[in-house]
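Undergrad: Can you keep this structure in mind? I'll have questions shortly.
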Amino acid sequence: MHLFNNIDSSDALSLSQLNEQVHKAISESLPEVYWVRAETSDVRINASSGHCYLEFVEKDPRTEQIIAKARGTIWARTFHILKPYFEETTRQSFVSGLKVLVKVSVEFHKLYGYSLTVHDIDPSYTLGDLVQKRMEIIRRLQQEGIFDLNKELPLSGLPQRIAVITSPTAAGYEDFLNQLIHNKAGYAFYVKLFPAIMQGEKTEESIIEALDQVWQYSDHFDAVVIIRGGGSASDLNCFDSYMLAAHCAQFPIPVITGIGHERDDSIVDMVAHTRMKTPTAVAAFLISLVDEQAEALDELQQTLCAVSTEIIASHKNELTLMTTKLPVSVTYQLERNRNKLLALKSDLSGVNLLILKQKSLLSEIRQSLQNTVSNLVTGQNHILKETMQTILNTTRSLLAEKRQAIELLDQFVRLASPAYILKRGYTLTLKDGKIVKKASELKTGDEIVTQFSDGKQKAVIK
C-alpha cells in the first residue's frame, strides 16, 4: 500500500502506453492464426463499409451459461468471399446462434481492446451441426407420434375453399392465383389470403400466427396452402424448425406446401399432407383434383346413358320377338281348331247347330286372342315408357343435385367475398395499406383510409 507515499507521476505509464505493451506482448506471444470453435452472437453488417462485426461466445453444454466471450471482426474483403461460400454450402444465413469453426488471428488495439480477426471459416463444421439438429427435430416429431398426422387427413375431392399463407407481395402468390382462378375448365375456387412474412428471422413466428388464424375458421376451408416464390436456400431454414413443423403436422385440415425449392425437402414439407415444388404446381394439383371429379361425373353420365340404351334395346327386342311369335302361334291354333271343326263337320254332317256353336266359339277365341295380344303389346309399351322415364328422371335428378351443389359453393364464394361484405354496410380501415384490426394500433396524427362499398375516404386520427 502506498497511501501515504509520494509517487512521482512521471514514472507512471499512461493507459495508451500500457495498452501498447499489451499489444506488443500479445503480438509476440500469439503471432500465428488459430482454428477456434465458438458460437456466433450479435452479428451485425455495416451497410456502408461491408465489414461484419460480431461476438464469439462459448456456453456450458449443461447450463447454457456463457463461459467465454470475444469480440470478432470480418473485414469486408474477406466477408465478401466467406459469406456466399458459407451460405451456399450450409444453406444457412450467416446469423447469430450458429456453431462455427473459424480461423482467426488475435488482435489487441490500444483503443478498442481485445478482438479476433476472422480469416477463414469451415462450413462443414456448421453443416454437421445443422444436420444433427434437423435429424433431432425429425426424431422428436416421430417419437411424439405427430409426424404423419396431417398426411392421414382425408383431402376433399373438390378442394375449392383454400386458405393461403404467404406474403401478399410475393410473385409466387400472383402466379398461384392466376393459374388457379383462370383455369381452363372455369372451376370456381374461393381463396382467402392470410398474410405472413416468408423470409427472415420472423418467418416462423409469422406463419404460426397465420396458421392460428386459419384454425379459427378451419370448418370453412378444404385445405391450407403455404407458398413462397423462389429465394436462396438459406432463406428456407425457418421451414426446418420444430415449432412450425409441429403446428403443420397437427393442423386439423390438410396442409399443402409449395415453398419453391426443388432440392431437399424441408421438415415442413415432410410433415405436410402434400408437398409440391412451386406455387403454380400447387394450383395445378388442386385443379387436377377437381378435374378427376368432373371426369368421374362425365363417366357416370355416359354409363347411365349406355345402361339406359341397353335396357331400352333389350325390351324392344323382346317386344319385337313377341310380336313376331304371337301371330304365328295364333294362326297355328286357329288352323288346328279349323281342322278339328272340319273333321267334326265331316263326321257329324247333320249337326249344324254344333257347327254354328263351334264357329261362334272360334270367333270368340280369335277375338280373345287378338285382345290378349293387343293388351300385351300395350302393356309392354307402357312398361318400356315408364322404364325410359325412370332412367331420364334419375339422370336429371343426379345432374340437378350436382349442379345445385356447385351453385351453393358459388353462392358461398359470392357471400364470403369482401365486396359483398362492404355492400352490407361494413367498412375496412387501412393504415399504410394494411388492415387495422384494433383501435390500439392507431395513435393521434395517424392517417387512415376507410374503404366503403362505393369508394375510399381519408382521415386523420385526432
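The values are calculated or read from the model by the stated rules, or taken from the named source; none is laboratory data. All figures in this text were calculated on a predicted structure; none of them were measured in a lab. Don't worry about glycine lacking a Cβ; one is built from the backbone with ideal geometry, like all the others, and counts go over all protein chains shown. Accessible surface is based on the protein model in full, side chains and every heavy atom, while ligands, DNA and RNA are left aside. Shrake-Rupley method; radii C 1.70, N 1.55, O 1.52, S 1.80 Å.
Undergrad: Name the strands (runs of 3 or more DSSP E) wholly inside the range 59-139 in which the number of residues that are without any contact (Cβ under 8 Å) to a residue 12 or more places away in the chain and β-branched (Val, Ile, Thr) is 1 or more. Don't jump to the end; show me each part of the working.
TA: Working: elements: 66-74, 99-109, 113-121.
Of the strands (runs of 3 or more DSSP E) lying wholly inside the range 59-139, those with at least 1 residues that are without any contact (Cβ under 8 Å) to a residue 12 or more places away in the chain and β-branched (Val, Ile, Thr) span 66-74.
Undergrad: Considering the range 194-210 alone, what residues qualify as being in a loop (DSSP other than H, G, I, E, B), open to solvent by 50 Å² or more (accessible area, probe 1.4 Å) and free of Cβ contacts under 8 Å to residues at least 40 places away in the same chain?
TA: Ile197, Gln199, Lys202
Undergrad: Something else about it: Please identify the pairs in which a residue from the range 369-395 that is on the phi > 0 side of the Ramachandran plot and without any contact (Cβ under 8 Å) to a residue 24 or more places away in the chain has its Cβ atom under 7 Å from the Cβ atom of a residue that is assigned to a helix (DSSP H, G or I) and of a type outside the set (Lys, Arg), counting only partners at least 6 apart or on another chain.
TA: Nothing qualifies.
Undergrad: Also, quick follow-up: List every residue pair whose Cβ atoms lie under 6 Å apart, where the two residues are 6 or more positions apart in sequence or sit on different chains, the first residue falls within the range 171-193 and is closer than 18 Å to Arg414 by Cβ and of a type outside the set (S, T, N, Q), and the second residue, located anywhere, is modelled with pLDDT of 90 or more and assigned to a helix (DSSP H, G or I).
TA: Between residues of the range 171-193 that are closer than 18 Å to Arg414 by Cβ and of a type outside the set (S, T, N, Q) and residues that are modelled with pLDDT of 90 or more and assigned to a helix (DSSP H, G or I), the close pairs are Leu180/Ala283; Tyr187/Val290; Phe189/Leu180.
Undergrad: Contact list please: Cβ distance under 9 Å, first residue in the range 425-437 and open to solvent by 50 Å² or more (accessible area, probe 1.4 Å), second residue of a type in the set (Gly, Ala, Ser), pairs at least six apart or on different chains.
TA: Going by the 9 Å Cβ cut-off, the qualifying pairs are Gly425/Ser453; Tyr426/Ser453; Thr427/Ser453.
Undergrad: Please tell me if Val191 is in a strand (DSSP E or B), closer than 14 Å to Thr166 by Cβ and open to solvent by 30 Å² or more (accessible area, probe 1.4 Å).
TA: yes
Undergrad: Could you go through the range 18-33 and let me know if any residue there is open to solvent by less than 90 Å² (accessible area, probe 1.4 Å), outside any helix (DSSP H, G or I), farther than 22 Å from Arg134 by Cα and in contact with a Cys (Cβ under 8 Å, 6 or more places away or on another chain).
TA: No, every residue in the range 18-33 fails to be open to solvent by less than 90 Å² (accessible area, probe 1.4 Å), outside any helix (DSSP H, G or I), farther than 22 Å from Arg134 by Cα and in contact with a Cys (Cβ under 8 Å, 6 or more places away or on another chain).
Undergrad: Going by the conditions given, is Thr63 surrounded by 16 or more Cβ atoms within 10 Å (Cβ to Cβ), at pLDDT below 90 and either polar (S, T, N, Q) or over 33 Å from the mean Cα position of the chain (by Cα) (or both)?
TA: no
Undergrad: Now a separate question. In a helix (DSSP H, G or I) and more than 17 Å from the chain's Cα centre (by Cα): does that describe Ala296? Working first, answer last.
TA: Values: in a helix (DSSP H, G or I): yes; more than 17 Å from the chain's Cα centre (by Cα): yes.
So Ala296 fits the description; yes.
Undergrad: Considering the range 280-295 alone, what residues qualify as being open to solvent by 10 Å² or more (accessible area, probe 1.4 Å) and in contact (Cβ under 8 Å) with a residue 24 or more places away in the chain?
TA: Thr280, Ala284, Phe285, Ile287, Leu289, Asp291, Glu292, Gln293, Ala294
Undergrad: Checking Leu111 against (1) at pLDDT below 85; (2) open to solvent by less than 30 Å² (accessible area, probe 1.4 Å): exactly one of these is not met. Which one?
TA: Unmet for Leu111, out of (1) at pLDDT below 85; (2) open to solvent by less than 30 Å² (accessible area, probe 1.4 Å): (2).
Undergrad: For the range 138-188, which positions are open to solvent by less than 30 Å² (accessible area, probe 1.4 Å) and either among the β-branched types (Val, Ile, Thr) or under 12 Å from Ile287 (Cβ atoms) (or both)?
TA: Of everything in the range 138-188, those that are open to solvent by less than 30 Å² (accessible area, probe 1.4 Å) and either among the β-branched types (Val, Ile, Thr) or under 12 Å from Ile287 (Cβ atoms) (or both) turn out to be Ile138, Ile146, Pro159, Gln160, Ile162, Val164, Ile165, Thr166, Phe176, Leu180, Asn183.
Undergrad: From the set of residues in the range 405-444 that are part of a helix (DSSP H, G or I) and acidic (Asp, Glu), which is nearest to Gln457 (Cα to Cα)? Spell out the reasoning first.
TA: The initial filter retains those residues of the range 405-444 that are part of a helix (DSSP H, G or I), namely 405-416, 418-423, 439-441.
Imposing the further condition that a residue be acidic (Asp, Glu) reduces the set to 407, 410, 441.
Numbers: Glu407: 35, Asp410: 31, Glu441: 19 Å.
Looking at residues that are part of a helix (DSSP H, G or I) and acidic (Asp, Glu), I get Glu441.
Undergrad: Hey, Leu326 hits all of (1) closer than 26 Å to Glu386 by Cβ; (2) exposed (fewer than 15 other Cβ atoms within 10 Å of the Cβ); (3) modelled with pLDDT under 85 but one; which does it fall short on?
TA: (2)
Undergrad: Of these, Val268, Val225, Val255, which one is aliphatic (A, V, I, L, M), out of contact with any Gly (no Cβ under 9 Å at 6 or more places or on another chain) and modelled with pLDDT of 95 or more?
TA: Val255
Undergrad: Now for a separate question. Taking the conditions exactly as written (crowded, with 16+ Cβ neighbours inside 10 Å and in contact with a helix residue (DSSP H, G or I) (Cβ under 9 Å, 6 or more places away or on another chain)), does Leu98 satisfy them or not?
TA: It is true that Leu98 is crowded, with 16+ Cβ neighbours inside 10 Å and in contact with a helix residue (DSSP H, G or I) (Cβ under 9 Å, 6 or more places away or on another chain).
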